[in-house]
């Protein structure tokens, strides 16, 4: 069965949470958690992801460079 995807841009709060979930999943090597975060982030805009960075930096005690490095793994 074919399922269509209709991309919906998440709100900023959802983007913040998704980035937080993704970073936490990377830090604990939890692939499922990483995929949940990425499933939301792939529909977010670049501006939303950049705006979520300070939230995650404060919450996870990571730098912006560390977050960027997680995306390149």
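Since every read-out is calculated from the coordinates, none of them should be taken as a lab result. Just so it is clear, the model here is predicted, and its values are computed rather than measured. Counting neighbours? That spans all protein chains shown, and the Cβs are built from the backbone with ideal geometry, glycine included.
The angle between the Cα long axis of helix 12-27 and the main principal axis of the chain comes to about 70°, on a 0 to 90 degree scale. Which angle from 0 to 90°, rounded to the nearest 10, does the C-alpha axis of helix 31-41 make with the longest principal axis of the chain? On a 0 to 90 degree scale, this one is about 70. Across region 12-71, Cα pairs under 8 Å and at least six residues apart give a relative contact order of 39 percent. By the count of other C-beta atoms within 10 Å, a proxy for reagent exposure, 19, 70 are ordered fewest to most as 70, 19. Start at zero, step by 5 Å, and the Cα-Cα distances of the chain spread as 3, 17, 28, 25, 15, 6, 3, 1, 0 percent across the bins.
Computing FRET efficiency as 1/(1 + (r/R0)^6) for residue 11 and residue 32, where r is the C-beta to C-beta distance and R0 is 22 Å, gives about 0.40.
Angle of helix 46-60 to the longest C-alpha principal axis of the chain, folded into 0 to 90 degrees and rounded to 10: 50°. Residues 20, 29, arranged from fewest to most other Cβ atoms within 10 angstrom of their Cβ, appear as 29, 20.
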